[in-house]
Every structure is written in C-alpha cells, then in structure tokens.
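A.B. asks: Let me give you the structure first, and then I'll get to my questions.
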Number of protein chains: 2
Amino acid sequence: MTPSLSVPETKLLDTLQRRLDAQAPSPTFEELRVALRLTSKNQVSQLVAGLEQRGYIARAAGRKRTLTLLRGSDGRPYHLTRVVHVPLLGLAPASFGQDTLDGFAPDEYLALTQDLVPDETGLYALRVSGDSLSDAHINDGDLVVLRQQQEASDGDLVQVWLRREDAATVKRYFRQGKIIWLHPENRALKPRCYPEEDVRVQGKVVLVLRSLERALAA
Amino acid sequence: MTPSLSVPETKLLDTLQRRLDAQAPSPTFEELRVALRLTSKNQVSQLVAGLEQRGYIARAAGRKRTLTLLRGSDGRPYHLTRVVHVPLLGLAPASFGQDTLDGFAPDEYLALTQDLVPDETGLYALRVSGDSLSDAHINDGDLVVLRQQQEASDGDLVQVWLRREDAATVKRYFRQGKIIWLHPENRALKPRCYPEEDVRVQGKVVLVLRSLERALAA
DNA sequence: GTGAGATTAGAACAAATGTTCTAACACATT
DNA sequence: AATGTGTTAGAACATTTGTTCTAATCTCAC
C-alpha cells in the first residue's frame, strides 16, 4: 500500500484485482459499495473518479461494468495478460502413440499465460516420463510444451512420428542430407538414424515446466 | 467445432473465450450482435438462451455483462483459472543482494496461473545466471519461482542470506544440528557449511520455467 | 399450394447500473 | 459562533443493457 492511497481506495483496487485475476466480471459500483462496506454508491463513484484521474483504473466510456486495473494498490503497473489453454496430450518421450495430432480430444488442459508462450498457436503439452531427456535437463515429471510443426532445425528438441516403429518419441534432431539423426538426451542411450521419409516431425519443444511442490496438472 | 453447434453459436463461444482469456469485460448482447454480424439483439438473446440451456455458458441472473464460458466451441470444458503475478526480483544464485524481501519494488512481473502455482502467497521469481545449478537441471537463463519462507527441509533448493558474506545465494540445504550445509548444484563447486545463525532462509524454489523459444520476461 | 413452425428483425419495455442532485454532518479556520 | 470545505448518504435521474412483443419472412412437411 502506497502512502497516497486511502483504505477504501486500497480495498477498491484489491477487489478489482481479485476479480480480474479470477477472470470474473468487473464489479459494478453497487458491488464495490458492498465490498467496501459503504452506504452509498456515490462514494464509490467518487473513489472511482479519483483513481481514474490518477491512472490507477480505467473504464470504457458509456459501458457498464468495464472497470479495469492499470496500477495495483502497491503502485506498480498491472499488466493484463492472455490466458492460454494448452491441451495435455499424454506422456513423452513415448507412449503418446498417435501419428497425427489432429482431432485429438484431450480431457485436460493446462492454463498458461502469454508471458510464457507469447505465440499460442498449435501448442500442446506432454508429461515427461523417465530419464531419457535428462541430458537436456528435462526431468521425469516435468511438463514440456510443444508447438505443432513439421520442420525442424538441427539441435531442436522435437517430437517425431517414426513410421516404421509406429511410435512417437521426443529427441534432439539433426539432419545429414536424407538421414535424420535422433539423439536421446541421455548419455546412456544411443543416437539412431532414420531415412528422412521414416521420420515425421510433429512438434518442437518450446517450454519446460517443473514444479517442486506438486505435480502440475495432476 | 462439434457437429451440434451452428456457425453463429461457434462464433459466439469463440468471441466469449477470447474476451475471457484476455481478461476483458464480458460482451453485451449488442457487442455480440456486432461481432456475429447479426441485425438484432433478439437473435443473440436466443443463441445465449440455447447455449446456456445446453451448458456451454452461464450468466449471473439479474446482472448485466456477466456471460461466462463453461464449455468451448470444441465441446471441452473451459476452466477459469486465476492469474498470478509474480515479481521478478533479480538474478540467482547470486547478485540479488538484499537481506530482506520486504518492501522491494520490482519493475517487472511474470504472469503465471494457478495451474502452475496453486498457492500464490509470497512468490517471487529469479532469473538463473550461470551454471551453478546445473546439477539440479536448472540452466542458465531459466526462471525459478520461489516462495518466501524462513524454514527449510533437507534437500530443499532454497535462497538463503549469508550474514557474514552479506550476500544471497541459491543452494541445496542440509542441516546437521547447528550446522547448515549448502550444496551448489554443480559438481565442480564445493559444498560449504555455515553456523546456523549465519544462514537465513529467504525462500524455497517451487517452480522452474525454461523457454526454448525466447527469454521469459525479457 | 397451404399451413405450421422457425428464423429474422426491430421497436417497445423493464431492469440494471452509473450520474447528478440535494442535504446533512464533520472538521478546520477565522 | 460563523463560515467554508470535504465527506457521507440517499433519492432522483439518465443511460446502458437484457427481455418481451409484434410482425414479416423463410423453411419444411403434408
């Protein structure tokens, strides 16, 4: 709380932030009146006008229930973000045995934000099982978020569909002419090569998430 | 798109989801009418009623502009999340040279979600610099999110304030009686021990984030 | 072709919600 | 004590927003 904010102002800003953080409707003046335990909407109106004038909040003119936060009660800018729902499709590196990602209907989504994945197109998540990615510093239990794509560059960590094995896997990708080398990220396992027509790139790892408190999306 | 949804229904649901994901005000019927290129709010009203009846959307009775999404146009449940703003306080393991986290005013926040950090109390983030945590599979450039706390258990990865060195650091914590052992997570570096009164636990690592696409919160 | 039901359209209406107005009260200054 | 300013309170008012009503048009089955 900065010294220039009164208690009701602080409470108003906190109430608004809670609503916004919760993806809930912006409060009306009446709802704020109740939350701040005031006895007249007029006081809310005045608080709102003052805070708007000082750049803490904004509203869309001529539109009801559109209060938004510009600056929190601590005085710091509040930046709106975009929530990104990423489908959790299964396990990596293996066990996710689909040859195509289209039309797959996951039951589970992981809510991320634009800060983590600025580009939200074509994302999906896999839970890492085992230690085959440990040399990439990706652990058992981690979540990896991938972007669907069909091309890869050398050194990219990708999910590929292996046609002959009828299986998908996650490995580091290297191309030598018409040969694709797939390196497991574990020294104990061997790189293997495949003719390019036997390897279909499905997605590229773009984000790694590890909780040390509890399983993510469990 | 599921086969039981009409084109206007799909567009309505998508419009609503975009608003919710963006932490923007729920649309009015008139705004939906414009977005769906209809000529009468009555059609919106009917779409809304139908979708509400089928469990795709909900609204707060007797409250304007409160449409919310229960199920997306793909038919999958849409779960609201909570956005969690985590202050980015500096670098880890070292360089963040404060003996206390209170009153620190960061310029930068990272927006996460409740899915990643179910408990949002006392969180802050540090950017990892260097390879001193590499044995913990935490890389240079990763972000670590910590929870402020003053106690730690053996094996916890914690930020501590070292009184004699007038410095903070992030290491793995082990206690032997009145001696605290702090293990860097890099085989090349040595564990060091400190009398307990010289070590103040400031926070514990709860989440590790690594983007392979671009720097997070840059 | 005819009739019934659904869809579309727009106006009228009702209710939610923000704004303005009036008045009382509290506090500081002269 | 009187005056001026700010705060509080609630009613009246204005505007936004959802609901209902009416009518025309379209679609489909018989």
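A.B. asks: Identify, by number, the condition in (1) at pLDDT 95 or above; (2) assigned to a strand (DSSP E or B); (3) open to solvent by 30 Å² or more (accessible area, probe 1.4 Å) that A:L91 doesn't meet.
C.D. replies: It fails just one condition, (1).
A.B. asks: Now a separate question. Given (1) closer than 14 Å to A:D14 by Cα; (2) assigned to a helix (DSSP H, G or I), identify the lone condition not met by A:Q46.
C.D. replies: The single condition A:Q46 does not satisfy is (1).
A.B. asks: Being assigned to a helix (DSSP H, G or I) and among the hydroxyl-bearing types (S, T, Y) is the filter here; which residues of the range B:1-30 pass it?
C.D. replies: Answer for the range B:1-30, where residues must be assigned to a helix (DSSP H, G or I) and among the hydroxyl-bearing types (S, T, Y): B:T10, B:T15.
A.B. asks: Also, quick follow-up: Exactly one of these conditions fails for B:E9: (1) over 26 Å from A:T68 (Cβ atoms); (2) within 15 Å of DNA strand D (Cβ to nearest atom); (3) open to solvent by less than 30 Å² (accessible area, probe 1.4 Å). Give me its number.
C.D. replies: (2)
A.B. asks: Right, here's the next one. Could you tell me which residue of the range B:33-43 is nearest to B:R18 (Cα to Cα), considering only residues that are more than 9 Å from DNA strand D (Cβ to nearest atom) and assigned to a helix (DSSP H, G or I)?
C.D. replies: B:A35
A.B. asks: Can you report the number of residues in the range A:190-218 which are away from chain B (no Cβ under 14 Å) and open to solvent by 80 Å² or more (accessible area, probe 1.4 Å)? Show your work before the answer.
C.D. replies: Residues of the range A:190-218 away from chain B (no Cβ under 14 Å): A:190-202.
With open to solvent by 80 Å² or more (accessible area, probe 1.4 Å) added as a condition, the list becomes A:190, A:192, A:197, A:200.
Qualifying residue count for the region: 4.
A.B. asks: Condition first: free of Cβ contacts under 8 Å to residues at least 24 places away in the same chain and near DNA strand C (Cβ under 10 Å from one of its atoms). Now tell me which residues in the range A:33-51 satisfy that.
C.D. replies: The answer is A:R33, A:S40, A:K41, A:N42, A:S45, A:Q46, A:A49.
A.B. asks: Mind checking which pairs have a first residue in the range A:147-171 that is closer than 16 Å to A:L189 by Cβ and open to solvent by 30 Å² or more (accessible area, probe 1.4 Å) and a second that is aliphatic (A, V, I, L, M) and not in a loop (DSSP other than H, G, I, E, B), Cβ under 6 Å, 6 or more apart or different chains?
C.D. replies: Here the result reads A:K171/A:L182, each pair linking the range A:147-171 to a residue that is aliphatic (A, V, I, L, M) and not in a loop (DSSP other than H, G, I, E, B).
A.B. asks: Being over 16 Å from B:V48 (Cβ atoms) and among the basic types (K, R) is the filter here; which residues of the range B:1-34 pass it?
C.D. replies: Selection gives B:R18 alone.
The values are calculated or read from the model by the stated rules, or taken from the named source; none is laboratory data. Since this is a predicted model, take the numbers as computed values, not measurements. Quick reminder, even Gly has a Cβ in these numbers, built from the backbone with ideal geometry, and neighbours come from all protein chains shown. For accessibility, only protein heavy atoms count, side chains too; no ligands or nucleic acids. Shrake-Rupley method; radii C 1.70, N 1.55, O 1.52, S 1.80 Å.
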